[in-house]
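Working notes, structure below.
Coordinate-derived values only; no laboratory data. Quick caveat, the model's predicted, so the values are computed rather than measured. Neighbour counts run over all protein chains shown; Cβ positions are idealised from the backbone, glycine included.
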Protein chains: 2
Amino acid sequence: MSGADTVAKSGFSESDQLAINTIRTLAIDAVQKANSGHAGAPMGLAPVAYTVWNRYLRYDPANPHWPNRDRFVLSCGHASMLLYGLLHLARVAEKDGGNAPAISLEDIKQFRQLDSRTPGHPEYHFTTGVETTTGPLGQGVANSVGMAMGSRFLNTRLNKPGLPLYEFDVYAMCSDGDLMEGVASEAASIAGHLRLSNLCWIYDDNTVTIEGHTELAFSEEVATRFLAYGWQVLRVADANDAHAIAAALDTFKASHDHPTLIIVKSIIGYGAPTKQNTSKAHSDALGEEEVKGAKRAYGWPEDKQFYVPDGVYDSFADGIGKRGAALFAEWQRLHDEAKKADPTHAEELEAFLEGRLPEGWDKDIPVFPTDAKGLATRESSGKVLNAIAQHVPFMLGGSADLAPSNKSNLTFEGAGSLTPLNPGGRNVHFGVREHAMGSIVNGLGLVGLRAYGATFLVFADYMRPPIRLASLMELPVFHIFTHDSIGVGEDGPTHQPVEQILSLRAIPGLVTLRPADANEVAEAYRVIFSLKNQPAVLALSRQPLPTYDRSTFGAASGTAKGAYVLADCEGTPDVLLLASGSEVQLCVSAWETLKAEGVKARVVSMPSWDLFERQDQTYRDSVLPPQVTARVAIEMGTVLGWDRYAGSAGTVIGMHSFGASAPIKDLQKKFGFSAEKLLEAARDQIARGKK
Amino acid sequence: MSGADTVAKSGFSESDQLAINTIRTLAIDAVQKANSGHAGAPMGLAPVAYTVWNRYLRYDPANPHWPNRDRFVLSCGHASMLLYGLLHLARVAEKDGGNAPAISLEDIKQFRQLDSRTPGHPEYHFTTGVETTTGPLGQGVANSVGMAMGSRFLNTRLNKPGLPLYEFDVYAMCSDGDLMEGVASEAASIAGHLRLSNLCWIYDDNTVTIEGHTELAFSEEVATRFLAYGWQVLRVADANDAHAIAAALDTFKASHDHPTLIIVKSIIGYGAPTKQNTSKAHSDALGEEEVKGAKRAYGWPEDKQFYVPDGVYDSFADGIGKRGAALFAEWQRLHDEAKKADPTHAEELEAFLEGRLPEGWDKDIPVFPTDAKGLATRESSGKVLNAIAQHVPFMLGGSADLAPSNKSNLTFEGAGSLTPLNPGGRNVHFGVREHAMGSIVNGLGLVGLRAYGATFLVFADYMRPPIRLASLMELPVFHIFTHDSIGVGEDGPTHQPVEQILSLRAIPGLVTLRPADANEVAEAYRVIFSLKNQPAVLALSRQPLPTYDRSTFGAASGTAKGAYVLADCEGTPDVLLLASGSEVQLCVSAWETLKAEGVKARVVSMPSWDLFERQDQTYRDSVLPPQVTARVAIEMGTVLGWDRYAGSAGTVIGMHSFGASAPIKDLQKKFGFSAEKLLEAARDQIARGKK
């Protein structure tokens, strides 16, 4: 195979081929220099990715944040050098209208080194032009479904006749690994259901996995599977065939009623003399000899590294550069026109672009009256959610088929269900697909929408990867997790979270809130909507919780500080009673008893450990005075982690096992969650403190 | 619809119909009495479940643990009353050969009450006859794939010509929710790949979900999807059609090269006058009027509750009872014959039945020599795993396409890959399907095999639901999680676990082990193989770790106690240095410096918090003397939870954010993991302690 033959066979022009081989060799050299990474997929996929970028993508490299740009997702994130090469060669700017490149040639030379813009896997926020963080397989393609839904949603909500402001397409490149992951299956089923014809997945069918040939574990008929989901399925028999790639992409562009899967047969490590088409080409540096051999195959100077031949930058400037600039200018013209035509519309457009909450977004958040019986926090959540959502048009979400239980439906007029024929609906029906829900919510968040998901807290386990990624990406999405303890009752241990709250608290950056009553719920939502770069989760009760009298108790606004004094005594307390959520009522009950006995007790409501940790030492010490070591913490979840607040000498009442199936009262008794047990522990603590 | 009409239409005999309606009404009455639960699915599915049980299932109610019994999995666990009704009416015994029933009529009356054998969702171990714990959707069907693989494995490993001791089939009933879950998709793909013709899924296509009609979120062509996976797909147009059900099951029994999906159109809440075929029939008590109406429709006495008409028990005794007794007797004869024919075979058969490790299973576990450079714990794990596996024939496992990285392959002669044509292979290739891997490993464990999975620790997030269920079911399966910290290096934050170890430690009953060197790895495996009713996970390093000199340091056997003194001083220590895994080397290094300076320091290696918590107070205090409050704990994971051991006054050095992409040395510096930082903290602690 010589360079000339390749060109003749491929249908790519000489200059196209030069650009394609530049992408390949940059990947090869970067991986070789870093001595780690994955060059095999970039080598195989370069012609396809080049075609998408330089011929199809509606993207202005000078304005990488243009909101109507087509999105390109590299779901097989390990092939990051493919994306970095494109971002570099297309001269994608670091900032809209700026001169500095998102990725310089130096960055490519610093592939996978500390602080370089070229980390091992693409990271959103960190590198301009990366549309989502990928690496954990299946996530990128699932995100792309959310992005395509978001495009449709914006289209419906923000376009006016003759002013097509939002109509972007979403491309996702993926590997066999992506398509083996269940989350991709779930997301593909939703995409087919919603007939997202603006979505195109390009499947790198290179038949090689880490353990060997895909036949080892993956013999299903992928095309048939996607036809079952309601997708259009196209094939490209050779990743180097320019005409076939173009024909497939043209067919995608022309389709209007189905998402598209393009199955591309590629050769992993294309050009590497002995490693191509083997699992040895998947990862790690190819080695000097293979590198030279591959360069020879491309007709490349063997001894040059990080070589960008003359004309390659120009190819991109003439392709994506010119096309993107024209599209961006036209869009700006339309945008200005739209703003001039209608001031209300103008305000909507601006608010969306700035990610701004509309004036008065929180004006209907209720103040819940004192109520000894109270209501479940899932109930108050439903009320607060609706009070906010009716004023926040760029907000949508839904449940994994538990909306009636999660109280997560938006019920005000005009909310509607998001369906194939109503893509602007505010209620998304995710089906029993928690994992895809999490990833789709991220995709919606990535195009600038306020998105949320909902399920039972125990099933947060099904969607931890996207929750983690939301936090890593600093996306202000959120999830409503109800049925947050053994308080679930009869459904039993499979449905009763024990370790889930702690496991969520452990995710860096994630704001975890477990409010104690309806007014803490209201404050929790204020916290969530004030977040700009953190996701949040709510843990809410199935069972009713009393609404506290805030005229005598601490204000619910303390929620924003993570922990605050709810009920107090005169002077230094003899004992601190700490809890979150539904167990705060046990503390209050014990506090009342102790107070009547003349014991000085303090109840600290701790809806959010992570918010509390962000307060200064003075505030933290004012809530939990260091000199008061007589402490009892109580939570119907694992005891793990509470030692931090209960202290070495304190008592933690929590779960040490899974729950059981029984009415809630029987469970509370069985597992020791009662005001009596708490009182007993408090008295022991006070006695110990006095010793 | 009258009772007589139903019979005429259905093809079921009068006595069949009576049994079917008994199943239905027991479910109705149990849910009504408990005022919670799900009667809708049992009402719809009763004819199918009855047919499977009374006509097909090779199952002896008198010997419910017969190892060659067909397995019946109720994946839609919320329909638990369907299973409880069957277990009761078929008089499944609580113990093999015992007289007490697994489920009495009283148990059914106590549905969902504390300590009754009829919890909200079926619980393995807790209720005899329940083959796996279900409720979290998708898990049961995925377990069933592992069970069917296990049947094939045992068939290959334990049968001799003319002695078909293991050849059981696996039936799984499932709902649309099961089939929407990604884990089910992953598992179905594997089942098709492995051509598991002993596996039959029966899909309750009732078109109703909690949020409404399945069309809201689920419009894919399920049949086509399963054809793509390589399954045979059959249809039953009416769940009440006896002939159609039998024809489909006969076709399943006759097939020998594909798993079977039977799509059954059923009516949720069949017979309930106004609620049938609506989402109102999914859950909760039907209400008095609907109950009466349904009973009228069945030709049932309206006012009788928990009514089992004459002849119903006999129907089951004549069906499954007789068939099962004959099959069991024949199997016992074959088993005796096999044992007589060949003493080696006899020993194998007995060892498997008793779940016993063979004599000398651990004799080749290496003792690793002192080595300052050492080896990665993933490397030592690979060696120990192989040393054990070659002696434990009923052990199999594999990786989610990361075997070369996880070092999880069994490489000794005869291990082989498990493939369609080699179902007795010891190396399972799960593909990039972590979630199904976890669930299939559970299925393998449920049929008595020692099964394991492997992936990167960060991807444990993809498979938390089955890990949790393994613990709830008390299954001694295990997982090898390598690349256990930011030590992953260049792959970056998407691949670097931070919160995962803590999140695993938080799962009740799960044994979490993060060994510090090769000899702790060896001991960790001894712990894992001694477990009878707990799953375990190993967190292992990518990077090399020194092998300690055990002639001067504490013995690695301390691993079994969860934490032990690795390096010590004379008398009471001035400071305790605590760590697990790769950070123990930092403690040892700091300890050497302090020792040289005459400071009394102790290094405590803490490979397993949960094992340590199970030790008595005396041991725990001997390792962590309460009077020594100068303590530093260090782990390259979240700081959360370490306060328990570092104490209120101690210092915890850990992660407060996600990691980054860079060589490991740069990351250790960036995030403060060095012997110098540790020394600094230790000195501060000592100074504070002396104040």
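Structure summary
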| quantity | calculated |
| --- | --- |
| Cα lying deepest toward the dipole's positive end in the protein assembly as shown, options A:341, B:86, A:611, charges on Cβ | A:611 |
| Averaged over B:645-657, number of beta-carbon atoms from partner chains that fall within 10 Å | 2 |
| Check: chain A dipole with +1 on Lys, Arg Cβ and -1 on Asp, Glu Cβ, in debye | 920 debye |
| Shielding by partners, peptide B:31-38 (average Cβ within 10 angstrom, other chains) | 2 |
| Efficiency of FRET from Cβ geometry, residue B:253 and residue B:105, R₀ 25 Å, rounded to 0.05 | 0.15 |
| Derived scalar couplings ³J(HN,Hα) [region A:345-362; Karplus, 6.51 cos²θ - 1.76 cosθ + 1.60; whole Hz; x for Gly, Pro] | 4, 4, 5, 4, 4, 5, 4, 5, 4, 8, x, 9, 7, x, 3, x, 4, 9 |
| Cut-off under 5 Å, modelled amide H: who pairs with residue A:202 long-range | A:172, A:173, A:174, A:262 |
| Approximate spin-label separation residue A:531-residue A:114, in nm, with each point projected 7 Å along Cα-to-Cβ | 3.0 nm |
| Antiparallel content of DSSP bridges confined to the protein assembly as shown, in %, to 5 | 15 percent |
| Which of B:168, B:525, B:471, positive extreme of dipole for chain B (C-beta unit charges) | B:525 |
| Residue B:431 long-range amide H proximity, modeled H, under 5 Å | B:401 |
| Neighbouring partner chain Cβ atoms per residue of A:417-423, average, 10 Å criterion | 1 |
| Chain B, relative contact order in percent, only Cα pairs under 8 angstrom and at least six apart counted | 12 percent |
| Helical mean residue ellipticity (222 nm; -39500 (n - 2.57) per DSSP H run of 4+; nearest 500) of chain A | -12000 deg cm²/dmol |
| Net charge dipole size for the protein assembly as shown [Lys, Arg +1 and Asp, Glu -1 on Cβ; Debye, nearest 20] | 1460 debye |
| Nitroxide proxy distance, nm - points 7 Å out along Cα→Cβ at residue A:690 and residue B:618 | 3.3 nm |
| Within region A:360-494: Cβ-based charge dipole about Cα centre, in debye rounded to nearest 20 (Lys, Arg +1; Asp, Glu -1) | 260 debye |
| Order by protection proxy (mean Cβ within 10 Å, highest first), peptides B:256-262, A:456-462 | A:456-462, B:256-262 |
| Top positive-direction residue, dipole computed over the protein assembly as shown with Cβ charges, set B:242, A:429, B:488 | B:488 |
| Axis-proximal residue, chain A, for the rotation superposing A on B (Cβ, Å) | A:182, 1 |
| Potential extension, residue A:296-residue A:15 segment - 0.36 nm per residue separation minus Cα distance | 99.4 nm |
| Chain A - share of DSSP beta bridges that are antiparallel (%, nearest 5) | 15 percent |
| Rounded FRET efficiency, nearest 0.05, which uses the C-beta distance separating residue A:125 from residue A:288 and R0 of 45 Å | 0.80 |
| Subset of B:340/B:532; B:33/B:275; A:295/A:322; A:109/A:292; B:33/B:304 violating a 21 Å alpha-carbon distance limit | B:340/B:532; A:295/A:322 |
| Cα-based helix-to-principal-axis angle, B:139-158 vs chain B, degrees rounded to 10 | 80 degrees |
| 7 Å along Cα→Cβ, label-point gaps from residue B:412 to other copies, nm, shortest first | 6.8 |
| Theoretical FRET efficiency, 1/(1+(r/R0)^6), r = Cβ-Cβ of residue A:221 and residue B:572, R0 56 Å, to 0.05 | 0.20 |
| Spin-label model distance (nm) - residue A:278 vs residue A:370, 7 Å beyond Cα toward Cβ | 7.9 nm |
